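Trainee: My structure is below; once you've seen it, I'll send some questions.
Readers should treat all values here as calculations from the given coordinates under stated rules, not as data from a laboratory. Remember, it's a predicted structure, so these values are computed and weren't measured experimentally. Cβ sites come from the backbone with ideal geometry, for glycine too, and all protein chains shown count toward neighbours.
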Amino acid sequence: MATNLVLQLSITVPVAVFVLGVAVGLEVMSCKMLLIMSVISFGVLVASYGEININWVGVVYQMGGVVGEALRLIFMEIFVKKKGLKLNPISVMYYVSPCRQVFLLVISLTVTKMFEKSLCIVH
């Protein structure tokens, strides 16, 4: 699957967040937001229509990732509201991302070391 198609499909994350937010009761459905989300979806559809190398399995995986990201943001908002804070999912990301980056850095360095040892790579 082409990189530009992956990027075009990932643009639909806000749409998925809004739809799932409405489904769980965190957002209120409005005609204005529905129109905005429809324009975004239509724009992505038009932009990806001319893609020659569409791999439908890849599209399904990518859309699964979009839904997973939307669910993560929705659950994060539910957790934050449960704690009594008044932050939206994007604001929470400013606080969570640095901690997550440090955690992922430690894991990636550990896995890289283990991989190098298993392949007997000497530097």
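Trainee: Note the angle between two axes, namely the Cα long axis of helix 13-24 and the longest principal axis of the Cα atoms of the chain, as a number of degrees from 0 to 90, rounded to the nearest 10.
Mentor: With rounding to tens, the tilt is 60 degrees.
Trainee: Okay, moving on. Could you work out the relative contact order of segment 3-85? I mean the mean sequence separation of Cα pairs under 8 Å and 6+ apart, divided by the number of residues, in percent.
Mentor: Numbers: 43 pairs, mean separation 43.2, N = 83.
Contact order relative to length: 52 percent.
Trainee: Moving on to the next point. If you put +1 on each Lys and Arg Cβ and -1 on each Asp and Glu Cβ, how big is the dipole of the chain around its Cα centre, in Debye rounded to 20?
Mentor: For this selection, approximately 500 debye.
Trainee: Something else about it: If you build the convex hull over the alpha carbons only and average its shadow over all orientations, what do you get for segment 16-123? Give it in nm² to one decimal.
Mentor: The directionally averaged projection comes out at 11.2 nm².
Trainee: Treat each spin label as a single point 7 Å out from the Cα along the C-beta direction, and report the Leu71 to Ser91 distance in nm.
Mentor: The modelled label-to-label distance comes out at 2.7 nm.
Trainee: Sticking with this structure for a sec: Can you find, among Ala47, Thr12, Val106, the residue farthest towards the positive end of the dipole of the chain? Put +1 on the C-beta of Lys and Arg, -1 on that of Asp and Glu.
Mentor: Looking along the dipole axis, the top candidate is Val106.
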